[in-house]
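These notes are about the structure you will find just below.
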Amino acid sequence: MIQNIYKIIVLSLVFTLSSCGGKNKSTDAEFGNKEQIDKRIQVTQSQFEQNRMALGSLEEMLFPTSINVNGMIDVPPGNRVVVNASMGGYIKTAPLLIGDKVRKGQVLVTIENPEFVALQQEYMEVNGQLSYLKAEYARQKTMTEENITSQKNYLKAESDYKTAVAKHTGLGKQLQMLNISTSIVLQGNFSSVATIYAPISGSITQMNVTKGMYVSPATSILEIIDNDHIHLELAVFEKDIMKVKKGQEIDFSIPEASTETFKAEVHLVGTAIEENRTIKVHGHLENESENNFLTGMFVEARIFIDFETAKTLPSEAVIELDEITYVLVLDKKEGDTYYFNQQEVTVKSISQGYTAIENTDGFRANAQFLTKGAFSLLGN
């Protein structure tokens, strides 16, 4: 009997201890779940002040609407020159390199060809015949008027003279294109070398020849670009072109070279649609001389087409993480602790330090946002 009572007491103690252990585990699990559910970001008052954080609310303001386009830095057609030879020949001198600056009238290259000598010789021969042919033409004309000679002789003299004049003029133009002085040729000084001069001032952007190379009139010898006046050449899609007007503002950047944003203005809107269904828009830059832009640079631009009322936050309040945009909304403040909820938002546009938010209906009317210091909490 005593042994049975002892067994009952032992079993009761074991059951009681097991029950207590289960309750503790259950309580611990419930506490752990509460910690997992509360995902709010906590900031103490000292942290708030030390990091110079600030709260703010959504503001309604006139916000520019824009279209995003791509394009390039370009120059007017008159500021870009491809230099060719008017006649074929061998490059005798080519002292310039890509990047060299040249002034209008400066020697670029010289070309040598024995045919240049033959051309000058022919010019001088025709020039020598002109005086005789002109005198013969005048004599035959006088004799015809006095019925001393036949009309046939007069017409032949007239034809010979006018043919020589035409040939003389043509040869002179060819020598002029070769930059060979006809006055020097008439003195008997022939040259087998022709000089090519710079037609504009600018920088050498292409050099396609070397010394001793043969070039034909179709050969591009070099290219000169004058960057004194540059502009934006933007490609606007057909669906947006009706919104673009002369005088609209443009913000653009050169992502491969700088994070800075530059200003421009729509100057011309094209009237022809390209094969890729885009229309060219020509933009003039502000303060173009203050920046070292290069022709051909790729640009990303926004053309501001209108203004509309939008709810905005300072751009510092909007943080992008893994291509998703968030803001921190104040849930409540208890004592010296701020509690923030991380909430996803959709950005409509950005301008002058403010960001227009699209999905604002989910916020309370008096919602407070962390407008300064959000990056230190989400960006790290």
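The values are calculated or read from the model by the stated rules, or taken from the named source; none is laboratory data. These numbers come from a predicted model, not from an experiment. Positions of Cβ are generated from backbone atoms using ideal geometry, with glycine treated the same way; all protein chains shown enter the neighbour counts.
Please verify whether the range 241-258 includes one or more residues that are of a type in the set (Val, Ile, Thr) and in a loop (DSSP other than H, G, I, E, B).
Yes, the range 241-258 has at least one match.
Between residues in the range 107-136 that are not assigned by TED's automatic domain parsing to the domain that holds residue 210 and in a helix (DSSP H, G or I) and residues that are crowded, with 17+ Cβ neighbours inside 10 Å and modelled with pLDDT of 95 or more, which pairs lie under 7 Å by C-beta distance while being six or more apart or on different chains?
Pairs found: none.
So the check is Cβ under 6 Å with 6+ separation or different chains; which pairs have a first residue in the range 142-164 that's at pLDDT 85 or above and a second one that's acidic (Asp, Glu) and surrounded by 12 or more Cβ atoms within 10 Å (Cβ to Cβ)?
That search, which allows pairs on different chains as well, returns 157/136.
Within the bounds of the range 234-255, is there any residue that is within 30 Å of residue 118 (Cβ to Cβ), touching a residue at least 24 places away in the same chain (Cβ under 8 Å) and surrounded by fewer than 17 Cβ atoms within 10 Å (Cβ to Cβ)?
No.
Would you say residue 182 is at pLDDT 90 or above and not assigned by TED's automatic domain parsing to the domain that holds residue 279?
Considered against the rule, which asks whether it is at pLDDT 90 or above and not assigned by TED's automatic domain parsing to the domain that holds residue 279, residue 182 comes out as yes.
Out of the range 277-334, which residues are among the basic types (Lys, Arg) and part of a strand (DSSP E or B)?
280, 302, 311, 332, 333
Which one is farthest from the chain's Cα centre (by Cα) among residues in the range 154-183 that are among the polar types (S, T, N, Q) and not in a helix (DSSP H, G or I)? Full working, then the answer.
Applying the first criterion (among the polar types (S, T, N, Q)) to the range 154-183 yields 159, 163, 169, 174, 176, 179, 181-183.
So of that shortlist, the ones also not in a helix (DSSP H, G or I) come out as 179, 181.
Values: 179: 38, 181: 43 Å.
The qualifying residue farthest from the chain's Cα centre (by Cα) is 181.
From the list 316, 308, which residue is out of contact with any Lys or Arg (no Cβ under 9 Å at 6 or more places or on another chain), more than 30 Å from residue 77 (Cα to Cα) and surrounded by 11 or more Cβ atoms within 10 Å (Cβ to Cβ)?
308
In this structure, is residue 276 among the polar types (S, T, N, Q), surrounded by fewer than 12 Cβ atoms within 10 Å (Cβ to Cβ), under 15 Å from residue 75 (Cα atoms) and in the same structural domain as residue 234 (by TED's automatic domain parsing)? It would help to see each step written out before you state the result.
Values: among the polar types (S, T, N, Q): yes; surrounded by fewer than 12 Cβ atoms within 10 Å (Cβ to Cβ): yes; under 15 Å from residue 75 (Cα atoms): no; in the same structural domain as residue 234 (by TED's automatic domain parsing): yes.
No, not satisfied.
Identify, from the list 113, 127, the residue that is crowded, with 16+ Cβ neighbours inside 10 Å, at pLDDT 90 or above and over 48 Å from the mean Cα position of the chain (by Cα). Steps first, please.
Numbers: 113 fails: over 48 Å from the mean Cα position of the chain (by Cα).
From the options 113, 127, the qualifying one is 127.
Mind checking whether some residue in the range 75-96 is surrounded by 18 or more Cβ atoms within 10 Å (Cβ to Cβ), of a type in the set (Ser, Thr, Tyr), assigned to a strand (DSSP E or B) and touching a residue at least 12 places away in the same chain (Cβ under 8 Å)?
Checking the range 75-96: not a single residue is surrounded by 18 or more Cβ atoms within 10 Å (Cβ to Cβ), of a type in the set (Ser, Thr, Tyr), assigned to a strand (DSSP E or B) and touching a residue at least 12 places away in the same chain (Cβ under 8 Å).
Condition first: under 12 Å from residue 108 (Cβ atoms) and among the aliphatic types (A, V, I, L, M). Now tell me which residues in the range 191-214 satisfy that.
Within the range 191-214, 194, 196, 198, 200, 204, 207, 209 meet the criteria.
For the range 40-53, which positions are in a strand (DSSP E or B) and surrounded by 14 or more Cβ atoms within 10 Å (Cβ to Cβ)?
Hits for the range 40-53 are 41, 43.
Applying the selection to the range 245-303, what residues are more than 20 Å from residue 64 (Cα to Cα), basic (Lys, Arg) and in contact with a Phe, Trp or Tyr (Cβ under 8 Å, 6 or more places away or on another chain)?
277
Taking residue 324, is it of a type outside the set (Gly, Ala, Ser), over 30 Å from residue 204 (Cα atoms) and in contact with a Phe, Trp or Tyr (Cβ under 6 Å, 6 or more places away or on another chain)?
On the way: of a type outside the set (Gly, Ala, Ser): yes; over 30 Å from residue 204 (Cα atoms): yes; in contact with a Phe, Trp or Tyr (Cβ under 6 Å, 6 or more places away or on another chain): no.
No, not satisfied.
If you go through the range 184-214, how many residues are within 21 Å of residue 119 (Cβ to Cβ), touching a residue at least 12 places away in the same chain (Cβ under 8 Å) and in a loop (DSSP other than H, G, I, E, B)? Let's see the steps before the verdict.
Start the filter on the range 184-214 by keeping residues that are within 21 Å of residue 119 (Cβ to Cβ), which leaves 184-197, 214.
Checking the rest, the ones that are also touching a residue at least 12 places away in the same chain (Cβ under 8 Å) come to 185-186, 188, 190-197, 214.
Filter once more, keeping what is in a loop (DSSP other than H, G, I, E, B): 188, 190-192.
Final tally of qualifying residues: 4.
Being surrounded by fewer than 19 Cβ atoms within 10 Å (Cβ to Cβ), without any contact (Cβ under 8 Å) to a residue 12 or more places away in the chain and under 30 Å from residue 95 (Cα atoms), is that true of even one residue in the range 215-228?
Within the range 215-228, not a single residue is surrounded by fewer than 19 Cβ atoms within 10 Å (Cβ to Cβ), without any contact (Cβ under 8 Å) to a residue 12 or more places away in the chain and under 30 Å from residue 95 (Cα atoms).
Condition check: exposed (fewer than 14 other Cβ atoms within 10 Å of the Cβ) and either under 30 Å from residue 219 (Cβ atoms) or under 47 Å from the mean Cα position of the chain (by Cα) (or both). Does residue 118 satisfy that? Break it down stepwise before answering.
Working: exposed (fewer than 14 other Cβ atoms within 10 Å of the Cβ): yes; either under 30 Å from residue 219 (Cβ atoms) or under 47 Å from the mean Cα position of the chain (by Cα) (or both): yes.
Judged against the criteria, residue 118 is a match.
Could you tell me which of the residues 336, 361 is over 17 Å from residue 375 (Cβ atoms) and at pLDDT 85 or above?
Numbers: 361 fails: at pLDDT 85 or above.
Only one candidate passes the filter, namely 336.
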